[in-house]
Amino acid sequence: MARLLRADAGAFTATLVLNSLAAAAGLAGPYLVGRIVDDVRGGQGVSAVDRLALWILLCSLAQLLLARWARYTGHRFGERTLARVREQFVDRALALPAAVVERAGTGDLTARGTADVALVGTTLRDVGPELLVNTVQALFLLGAVFTLNPLLGACGLLGLVGIWGALRWYLRRARDGYLAEGAATSDVAEILAATASGARTVEALRLEKRRVAAGRDALETSRRTRLYTLFLRTVFFPAVEVCYLVPVAAVLLVGGFLHDRGTLSLGAVVTAALYLQRLSDPLDQILMRIEQLQSSGASFARVEGLARAPRTRPTDAPVPDGDRIDVTGVRYAYDRGGEVLGGVDLTVRPGERLAVVGPSGAGKTTLSRLLAGVDAPTDGTVAVGGVPVVELGPEQLRRQVVLVTQEHHVFLGSVRDNLLVAEPSAADEELWSALATVGADGWVRELPDGLDTRLGDGGSPTDGSQAQQLALARVVLADPHTLILDEATALLDPTTARHTERALAAVLEGRTVIAIAHRLHTAHDADRVAVMENGLLTELGTHEELVAADGAYAALWRTWHGEP
């Protein structure tokens with residue numbers, strides 16, 4: 001938070017100064033009321049009262065304008081700070097290695113980037129400025145009472161001591177209580193939804209009584225948790241309200257005693273009582289924000305915690321000497337899982353078209369991830385130009401190897417925006433050329449505004465094959481020396497997929513293309529075919545050689561063509 005405050009120190013300072021001036025202007029009213037009391041007791045006429053009343057009006061107007069200005073400045077500060085938080089979050093998320101994102105779960109990352117960032121934004125925009133305003137007001141009011149008389153100021157602190165005790169009691173129990181209430185509410189919803197969706201099964205197995213009993217138990221648990229949190233509130237809030245009255249009563253008693261002794265004027269007693277009575281408003285606001293600050297503090301920690309996650313590789317990695325890819329003794333096992341690759345040796349020559357085939361679960365996708373540097377092998381090395389892929393910097397890696405999977409994404413924006421992600425400096429001619437390469441120029445030209453047509457929510461819809469063609473067009477624009485297609489054309493019809501793969505191979509002439517696919521026509525067109533079975537590379541050769549060898553690939557080929 002200190003780092004964010006330093007980034008916009010001028011606005012934060014201005015907000016603090018304006019809040020202080022507004023709080024100072026607010027002190028004038030009770031002070032002038034005390035002056036009116038003393039002047040009337042001293043025999044002053046109506047004109048003196050009218051003059052002081054005019055000053056009260058002017059000070060109230062000044063407080064109103066300053067407070068509005070302070071809130072305006074505070075909200076602008078909050079919006080700019082929120083923008084920094086969002087931009088930093090995006091930068092940090094994009095810097096995360098793909099393997100880290102997958103282990104953490106995209107749902108967690110999405111929750112941090114949406115719900116948590118939104119809650120932080122509410123705090124920065126609304127809760128933060130309000131808390132600052134009310135804290136400054138409370139401090140100024142207490143300071144004013146101490147200025148009038150230190151003994152009366154000490155009386156004012158009595159209420160704060162009681163509030164602090166009540167707050168500690170409440171916070172020690174509130175977190176667990178509200179967590180239990182939320183969990184119980186979720187259980188009720190889950191039981192109701194499961195019973196409703198499985199109603200026919202419940203009826204068929206005659207489980208009605210059992211499901212009703214489970215629902216009643218969940219409701220009873222929810223009722224108890226709600227009563228517990230209600231109990232906490234019914235103790236906390238009355239205790240706080242009593243604590244507000246204690247300092248006012250103490251000031252009136254002590255002030256009356258001092259006035260009776262002649263050491264304090266009646267106007268000073270009235271002023272101190274008014275100050276402490278007004279103290280309840282900012283304290284109320286501060287206490288109301290306590291729960292929000294707890295939840296937003298946790299969200300802020302989750303958002304900022306992304307900075308501590310493992311980063312991408314260093315940018316000063318060695319430069320590969322050539323484009324040859326060497327896989328040497330590679331083994332890999334996922335966390336809490338068995339070994340997926342059991343020792344793979346493979347050399348992919350520059351400019352070669354290699355097809356990797358095999359049954360599901362053979363390790364093809366895992367191998368593609370290791371080749372692209374997404375994951376690091378458990379044992380062995382995957383090197384490009386003599387440099388381990390996992391040691392390449394992010395920019396180097398993207399220019400060396402690009403992995404295109406079945407997963408694809410259409411970014412919110414125009415067709416042009418979706419393509420410029422890969423090469424921001426590309427001209428329109430290059431964009432159309434990339435679209436033509438993957439066979440997407442036809443449907444893009446039919447869009448209302450061509451490249452400027454907005455895609456996604458609120459724009460022109462795209463189906464799975466169109467989204468995949470856009471992803472492939474981005475690959476063409478990125479122009480890597482090695483392209484890994486992990487069933488990247490799975491959503492295209494066979495004719496379009498074959499055309500797209502051949503077009504890519506033609507455009508990437510002289511570059512390496514590694515295709516992971518179940519469609520064996522890809523293997524037929526490749527220079528060599530690698531067959532994966534149970535995490536092992538069992539066959540390697542040309543299509544004709546492997547068919548003649550009458551091994552696993554030949555069996556796959558016959559099955560593909562429906563031969564016995």
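The values are calculated or read from the model by the stated rules, or taken from the named source; none is laboratory data. In this text the structure is predicted, and so the values were computed from the model without any measurement. Methodologically, a virtual Cβ is constructed for each residue, glycine included, from the backbone with ideal geometry; neighbour enumeration extends over all protein chains shown.
Give all pairs with beta carbons closer than 8 Å in which a residue from the stretch 333-359 that is closer than 16 Å to residue 372 by Cβ meets a residue that is of a type in the set (Phe, Trp, Tyr) and modelled with pLDDT under 85; count only pairs at least 6 apart in sequence or on separate chains.
340/334
Tally the residues that are under 24 Å from residue 136 (Cα atoms) and surrounded by fewer than 16 Cβ atoms within 10 Å (Cβ to Cβ), restricting the search to the stretch 260-288.
Total satisfying the criteria: 3.
Return yes when residue 425 is in contact (Cβ under 8 Å) with a residue 40 or more places away in the chain and out of contact with any His (no Cβ under 8 Å at 6 or more places or on another chain) and no when it is not.
When the stated conditions are applied, residue 425 does not pass them.
Within the stretch 31-52, track down each residue that is among the aliphatic types (A, V, I, L, M) and either loosely packed, with under 14 Cβ neighbours inside 10 Å or in contact with a strand residue (DSSP E or B) (Cβ under 6 Å, 6 or more places away or on another chain) (or both).
If the condition is that a residue be among the aliphatic types (A, V, I, L, M) and either loosely packed, with under 14 Cβ neighbours inside 10 Å or in contact with a strand residue (DSSP E or B) (Cβ under 6 Å, 6 or more places away or on another chain) (or both), then 46 is the only one that fits.
Just the residues that are buried (at least 18 other Cβ atoms within 10 Å of the Cβ), not in a loop (DSSP other than H, G, I, E, B) and not aliphatic (A, V, I, L, M), please, taken from the stretch 417-440.
Listed by number, the residues that qualify are 418, 432, 437.
Would you mind finding the one in 483, 477, 472 that is within 30 Å of residue 331 (Cβ to Cβ) and modelled with pLDDT of 75 or more?
Unique residue meeting the criteria: 483.
Right, residue 251: touching a Cys at 6+ places or on another chain (Cβ under 7 Å) and closer than 25 Å to residue 42 by Cβ or not?
So residue 251 fits the description; yes.
Only residues that are in contact with a helix residue (DSSP H, G or I) (Cβ under 6 Å, 6 or more places away or on another chain) and among the hydrophobic types (A, V, I, L, M, F, W, C): list them for the stretch 207-218, please.
Hits for the stretch 207-218 are 214, 218.
Given the residues 200, 206, which is the only one that is more than 22 Å from residue 289 (Cα to Cα) and either part of a loop (DSSP other than H, G, I, E, B) or touching a residue at least 40 places away in the same chain (Cβ under 8 Å) (or both)?
Exactly one of 200, 206 is more than 22 Å from residue 289 (Cα to Cα) and either part of a loop (DSSP other than H, G, I, E, B) or touching a residue at least 40 places away in the same chain (Cβ under 8 Å) (or both), namely 206.
Report every pair of residues separated by at least 6 positions or lying on different chains whose Cβ atoms are under 9 Å apart, first residue within the stretch 220-233 and assigned to a helix (DSSP H, G or I), second among the aromatic types (Phe, Trp, Tyr) and surrounded by fewer than 16 Cβ atoms within 10 Å (Cβ to Cβ).
232/169
Matching residues to (1) surrounded by fewer than 15 Cβ atoms within 10 Å (Cβ to Cβ); (2) assigned by TED's automatic domain parsing to the domain that holds residue 172; (3) in contact with a helix residue (DSSP H, G or I) (Cβ under 8 Å, 6 or more places away or on another chain); (4) more than 18 Å from residue 158 (Cβ to Cβ):
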site: 222; (1), (2), (3), (4): no, yes, yes, yes
site: 227; (1), (2), (3), (4): yes, yes, no, yes
site: 231; (1), (2), (3), (4): yes, yes, no, yes
site: 238; (1), (2), (3), (4): yes, yes, no, no
site: 242; (1), (2), (3), (4): yes, yes, yes, no
site: 246; (1), (2), (3), (4): no, yes, yes, no
site: 250; (1), (2), (3), (4): no, yes, yes, no
site: 258; (1), (2), (3), (4): no, yes, yes, no
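Do we have residue 370 as in contact with a strand residue (DSSP E or B) (Cβ under 7 Å, 6 or more places away or on another chain), outside any loop (DSSP other than H, G, I, E, B) and of a type in the set (A, V, I, L, M) here?
Yes: the conditions hold for residue 370.
A quick yes/no check of all residues on (1) at pLDDT below 90; (2) of a type in the set (A, V, I, L, M); (3) under 30 Å from residue 385 (Cβ atoms):
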residue: 398; (1), (2), (3): yes, no, yes
residue: 406; (1), (2), (3): yes, no, yes
residue: 416; (1), (2), (3): no, no, no
residue: 424; (1), (2), (3): yes, no, yes
residue: 427; (1), (2), (3): no, yes, no
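Whether any residue in the stretch 283-304 is at pLDDT below 75, under 30 Å from residue 242 (Cβ atoms) and not in a helix (DSSP H, G or I) is what I want to check.
yes
Name, by its number, the condition in (1) touching a residue at least 60 places away in the same chain (Cβ under 8 Å); (2) part of a strand (DSSP E or B); (3) crowded, with 18+ Cβ neighbours inside 10 Å that does not hold for residue 382.
Condition not satisfied by residue 382: (1).
Among 128, 121, 107, which is the only one that is assigned to a helix (DSSP H, G or I), surrounded by 18 or more Cβ atoms within 10 Å (Cβ to Cβ) and modelled with pLDDT under 70?
One residue alone meets the criteria, 128.
Run residue 90 past the list (1) hydrophobic (A, V, I, L, M, F, W, C); (2) surrounded by 14 or more Cβ atoms within 10 Å (Cβ to Cβ); (3) over 24 Å from residue 26 (Cα atoms); (4) at pLDDT 80 or above and report the number of the one that doesn't hold.
Every listed condition holds for residue 90 apart from (2).
Only one of 477, 472, 447, 403 is touching a residue at least 12 places away in the same chain (Cβ under 8 Å) and part of a loop (DSSP other than H, G, I, E, B); which?
Result: 447 is the single residue among 477, 472, 447, 403 that is touching a residue at least 12 places away in the same chain (Cβ under 8 Å) and part of a loop (DSSP other than H, G, I, E, B).
Filter the stretch 517-536 for residues that are in a loop (DSSP other than H, G, I, E, B) and either of a type outside the set (A, V, I, L, M, F, W, C) or more than 13 Å from residue 354 (Cα to Cα) (or both) and give the result. Full working, then the answer.
Looking only at the stretch 517-536, we keep the residues that are in a loop (DSSP other than H, G, I, E, B), and these are 517-519, 526-527, 534-535.
Within the stretch 517-536, 518, 519, 527, 534, 535 qualify.
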